[in-house]
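Trainee: Here it is: the structure, laid out below.
The values are calculated or read from the model by the stated rules, or taken from the named source; none is laboratory data. Predicted model, so just to flag it, every value in this text is computed and none were measured. Glycine also receives a Cβ, built like all others from the backbone with ideal geometry; neighbour counts cover every protein chain displayed. Side chains are part of the model used for accessible areas, which takes the heavy atoms of the whole protein and leaves out ligands, DNA and RNA. Shrake-Rupley method; radii C 1.70, N 1.55, O 1.52, S 1.80 Å.
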Amino acid sequence: MSGSDVGPVEAGPWPEALDARVLDPPRVHGYDLEEDVCASYRFTDAVYLAVTGELPGETESRLFDLACHFAAVMSAGDAAPHTASLARLCAAGDNAVVASAAVVLADEARAIVDAHGPLLAWLGGDGGGPAPEGFTEGAGGAAVIAAALARRGLEARGVDEGLTREAALLATLFASGVRTPEGLVAVLTWARLPFAAAEAFAVRPKAFAKYPMRVPPFAYEGEPR
Amino acid sequence: MTATLPTRVGIARWTEHELFGRRLYGELLGNVDLGQWIVLGTTGKLLAAEDSPVVTALAITLGIIDPRIWPLKVTRVASAFGRFTSGVACGALLYDSATLGPHTGTRAAHFLCDVARGRDAGASLEAAVDAAMDRQGAPGFGVPFRDADERIVALGGFLRSQGRDARPMWRLLEAITPVVKARKGLPPNIAVGTAAAMMDIGLGPDDVTPTGFALMQLPQLANALEGAEQRPAALQRLAPERVRYVGRPPRRSPKATVVDDGGGDATRP
């Protein structure tokens with residue numbers, strides 16, 4: 001084909017439909033959310049299904065649910081709720097507040113997953129040995145997660161080896177069956193989003209005088225490059 | 001104790017503000033044009049006024065605006081509920097990509113610099129290109145779906161008309177193009193053209209990404225604006241006949257299977 005009205009979009013053999021690989025309403029990965037999954041499973045199980053492609057067994061379900069609880073713990077000073085709070089302060093719409101939180105949560109999740117690459121490789125390996133260096137902080141880091149697991153009769157490899165809290169959280173998700181980087185990013189983002197948004201929605205729009213402008217302090221280095 | 005964060009970007013004062021050490025009103029206002037302003041913001045460097053037309057030219061050659069092209073399509077889909085800011089935001093997020101968008105310009109710039117260093121060290125052009133490709137592949141080369149990248153063709157024509165095709169990085173690009181074509185069968189694309197043109201006006205390789213990003217905003221903004229105005233149902237949800245499911249076939253959950261077999265309580269998760 002040729003002519004001034006024709007370009008690659010007109011000329012190319014593009015498909016006529018978008019391929020759907022997971023979502024086939026009301027099914028996700030083949031399971032009917034409305035008639036089947038809703039009747040017999042928790043919503044966290046449905047999220048697990050979305051992320052892993054399979055419904056969890058009982059142990060996986062409890063590990064996943066526990067991990068999501070711990071993932072949701074955050075400070076108002078964490079970047080995601082802080083970003084969303086600034087959006088709210090500037091009277092951005094509710095959609096923008098939530099979207100802002102989601103962007104930063106996903107960035108943070110990816111940073112966490114990237115930083116724990118060696119740990120995830122160790123968790124997925126066949127060999128024994130201690131957890132790799134850099135992910136342990138002695139007693140105390142993951143104690144609350146270890147205690148929660150123990151109370152429920154659950155186990156996650158590495159948690160009782162003095163992992164940091166973040167490492168223990170990833171280890172628990174890994175034990176539940178969420179093992180891919182994209183799955184971990186999706187779960188961490190989803191689990192935290194309502195909590196980050198809630199903090200932001202508690203901010204009064206346009207209450208600029210209430211915002212700590214000098215936290216943290218910036219020092220201007222006014223020399224031209 | 002909260003750490004103090006250094007910044008060279010700027011500071012706001014009562015009646016005058018600074019940007020990279022330059023006074024906004026007393027120094028920049030009325031004395032820099034938009035191209036210089038953009039480069040100042042993205043690099044901290046004040047471009048010579050005579051080089052500013054190159055910035056404008058790059059913005060135009062990067063200005064493909066067809067809403068069907070993926071980085072622009074995303075702004076249409078994301079703005080489908082009436083918010084152009086969402087379209088722009090998702091368009092920006094898409095450019096967090098090593099394959100497509102402004103990051104490819106910095107990769108291409110480093111590739112050109114690698115070749116240039118090889119030449120400076122005395123290697124032949126072919127040897128310098130081969131060594132650089134061994135290390136980095138051929139970023140900035142390869143044109144999908146068509147024989148040539150019309151954007152770099154247009155950019156080259158502009159630079160020639162300005163006598164800027166004799167500048168070192170553009171000359172190097174023109175010299176290595178047949179070598180890369182012979183080795184890999186790949187023609188140059190706009191990423192390496194942008195990289196060469198930007199370095200020839202004094203920007204560094206790492207400046208190419210943020211400056212390229214700034215210059216690529218208008219097509220995304222234009223599409224986000226129109227998309228938000230249209231709020232098309234066709235993009236809020238594609239028509240069912242335009243979605244083809246190719247995933248797992250229908251199946252029953254293990255717990256549903258237990259209920260089906262007469263055990264368990266389907267009403268309690």
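Trainee: In the list A:Tyr211, A:Tyr220, which residue meets the criterion of being within 14 Å of chain B (Cβ to nearest Cβ) and farther than 22 Å from A:Val73 by Cα?
Mentor: Matching residue, one of A:Tyr211, A:Tyr220: A:Tyr220.
Trainee: Restricted to the stretch A:41-69, and to residues that are polar (S, T, N, Q) and open to solvent by 40 Å² or more (accessible area, probe 1.4 Å), which residue is nearest to A:Glu155 (Cα to Cα)?
Mentor: From the stretch A:41-69, those polar (S, T, N, Q) are A:44, A:52, A:59, A:61; that's our starting set.
Next cut, open to solvent by 40 Å² or more (accessible area, probe 1.4 Å) only: A:52, A:59.
On the way: A:Thr52: 20, A:Thr59: 9 Å.
That would be A:Thr59.
Trainee: Could you say whether any residue in the stretch B:69-78 is of a type outside the set (Phe, Trp, Tyr), at pLDDT below 95 and in a loop (DSSP other than H, G, I, E, B)?
Mentor: Yes: one or more hits.
Trainee: Based on this model, can you work out whether B:Ala48 counts as closer than 26 Å to B:Gly202 by Cβ, surrounded by fewer than 20 Cβ atoms within 10 Å (Cβ to Cβ), in contact with a helix residue (DSSP H, G or I) (Cβ under 9 Å, 6 or more places away or on another chain) and at pLDDT below 95?
Mentor: No; evaluated as a whole, the condition is false for this residue.
Trainee: To continue, here is another question. Exactly one condition in (1) modelled with pLDDT of 95 or more; (2) more than 8 Å from every other protein chain (Cβ to nearest Cβ); (3) open to solvent by less than 80 Å² (accessible area, probe 1.4 Å) is false for A:Gly3; which is it?
Mentor: Evaluating A:Gly3 over (1) modelled with pLDDT of 95 or more; (2) more than 8 Å from every other protein chain (Cβ to nearest Cβ); (3) open to solvent by less than 80 Å² (accessible area, probe 1.4 Å) leaves (1) as the failure.
Trainee: Name the residues in the stretch A:210-225 that are open to solvent by 90 Å² or more (accessible area, probe 1.4 Å) and either basic (Lys, Arg) or within 12 Å of A:Cys90 (Cα to Cα) (or both), would you?
Mentor: The initial filter retains those residues of the stretch A:210-225 that are open to solvent by 90 Å² or more (accessible area, probe 1.4 Å), namely A:210, A:213-214, A:218, A:223, A:225.
Matches in the stretch A:210-225: A:Lys210, A:Arg214, A:Arg225.
Trainee: I'd like the full set of residues that are surrounded by fewer than 19 Cβ atoms within 10 Å (Cβ to Cβ) and of a type in the set (Lys, Arg), limited to the stretch B:66-125.
Mentor: Selection gives B:Arg68, B:Lys73, B:Arg117, B:Arg119.
Trainee: Same structure again: Residue check, B:Ile65 against (1) under 14 Å from the mean Cα position of the chain (by Cα); (2) within 12 Å of chain A (Cβ to nearest Cβ); (3) closer than 21 Å to B:Ala234 by Cα, all met but one. Which one?
Mentor: If we test B:Ile65 against (1) under 14 Å from the mean Cα position of the chain (by Cα); (2) within 12 Å of chain A (Cβ to nearest Cβ); (3) closer than 21 Å to B:Ala234 by Cα, just (2) comes out false.
Trainee: How many of the residues making up the stretch A:24-49 are under 20 Å from the mean Cα position of the chain (by Cα), closer than 30 Å to B:Trp70 by Cα and without any contact (Cβ under 8 Å) to a residue 60 or more places away in the chain?
Mentor: Residues that pass the stated criteria total 2.
Trainee: Could you count how many residues in the stretch A:137-157 are more than 25 Å from A:Asp107 (Cβ to Cβ) and either part of a helix (DSSP H, G or I) or not charged (D, E, K, R) (or both)?
Mentor: Final tally of qualifying residues: 14.
Trainee: Tally the residues that are crowded, with 21+ Cβ neighbours inside 10 Å and within 11 Å of B:Met169 (Cα to Cα), restricting the search to the stretch B:194-209.
Mentor: Here the count works out to 8.
Trainee: Continuing with the same structure: Return the total of residues in the stretch A:78-93 being in a loop (DSSP other than H, G, I, E, B) and more than 17 Å from the chain's Cα centre (by Cα). Please lay out each step first, then the result.
Mentor: Quick first cut of the stretch A:78-93, residues in a loop (DSSP other than H, G, I, E, B) only: A:78, A:90-93.
Now drop any that are not more than 17 Å from the chain's Cα centre (by Cα), which leaves A:90-93.
Counting residues in the stretch A:78-93 that are in a loop (DSSP other than H, G, I, E, B) and more than 17 Å from the chain's Cα centre (by Cα) gives 4.
Trainee: Assess whether A:Ala196 counts as being modelled with pLDDT of 95 or more, touching a helix residue (DSSP H, G or I) at 6+ places or on another chain (Cβ under 8 Å), buried (at least 17 other Cβ atoms within 10 Å of the Cβ) and under 30 Å from A:Arg88 (Cβ atoms).
Mentor: yes
Trainee: Just to be sure I understand, how many residues within the stretch B:25-49 are over 15 Å from B:Ala214 (Cβ atoms), more than 12 Å from chain A (Cβ to nearest Cβ) and in a helix (DSSP H, G or I)? Even if it seems obvious, please write down each step before you answer.
Mentor: Step one: list which residues in the stretch B:25-49 are over 15 Å from B:Ala214 (Cβ atoms), which gives B:25-31, B:46, B:48-49.
Applying the additional criterion that residues be more than 12 Å from chain A (Cβ to nearest Cβ) yields B:25-26, B:29-31, B:48-49.
Right, trim to in a helix (DSSP H, G or I) and you get B:25-26, B:49.
Total meeting the criteria: 3.
Trainee: Counting only residues that are under 14 Å from the mean Cα position of the chain (by Cα) and part of a loop (DSSP other than H, G, I, E, B), which one in the stretch A:51-77 is nearest to the other protein chains (Cβ to nearest Cβ)?
Mentor: A:Met74
Trainee: Please count how many residues of the stretch A:99-130 are under 30 Å from A:Phe201 (Cα atoms), open to solvent by 20 Å² or more (accessible area, probe 1.4 Å) and away from chain B (no Cβ under 14 Å).
Mentor: The total comes to 1.
Trainee: Okay, moving on. Determine if the stretch B:27-42 includes at least one residue that is at pLDDT 95 or above, of a type in the set (D, E, K, R), out of contact with any strand residue (DSSP E or B) (no Cβ under 6 Å at 6 or more places or on another chain) and within 30 Å of A:Tyr220 (Cα to Cα).
Mentor: Looking through the stretch B:27-42, at least one residue is at pLDDT 95 or above, of a type in the set (D, E, K, R), out of contact with any strand residue (DSSP E or B) (no Cβ under 6 Å at 6 or more places or on another chain) and within 30 Å of A:Tyr220 (Cα to Cα).
Trainee: If A:Ala96 satisfies all but one of (1) over 17 Å from A:Gly177 (Cβ atoms); (2) more than 10 Å from every other protein chain (Cβ to nearest Cβ); (3) assigned to a helix (DSSP H, G or I), what's the number of the condition it fails?
Mentor: (2)
Trainee: For A:Ala11, only one of the following conditions fails: (1) within 10 Å of chain B (Cβ to nearest Cβ); (2) crowded, with 17+ Cβ neighbours inside 10 Å. What is its number?
Mentor: So the condition that A:Ala11 fails would be (2).
Trainee: Out of everything in the stretch B:99-121 that is outside any helix (DSSP H, G or I) and over 9 Å from the mean Cα position of the chain (by Cα), what residue ends up being nearest to the other protein chains (Cβ to nearest Cβ)?
Mentor: Ranking the candidates gives B:Thr99 first.
Trainee: In a helix (DSSP H, G or I), more than 24 Å from A:Trp122 (Cβ to Cβ) and not aromatic (Phe, Trp, Tyr): does that describe A:Pro194?
Mentor: Yes; evaluated as a whole, the condition is true for this residue.
Trainee: Also, I was wondering about something else. Quickly run through the stretch A:14-34 and pick out the residues that are over 18 Å from A:Gly183 (Cβ atoms), facing chain B (nearest Cβ under 10 Å), loosely packed, with under 14 Cβ neighbours inside 10 Å and not aromatic (Phe, Trp, Tyr).
Mentor: Residues satisfying the conditions are A:Pro15, A:Glu16, A:Leu18, A:Asp19, A:Pro25.
Trainee: Out of the residues in the stretch B:133-188 meeting the condition of being of a type outside the set (A, V, I, L, M) and in contact (Cβ under 8 Å) with a residue 60 or more places away in the chain, tell me which one is surrounded by the fewest Cβ atoms within 10 Å (Cβ to Cβ).
Mentor: Looking at the filtered set, the residue picked out is B:Gln162.
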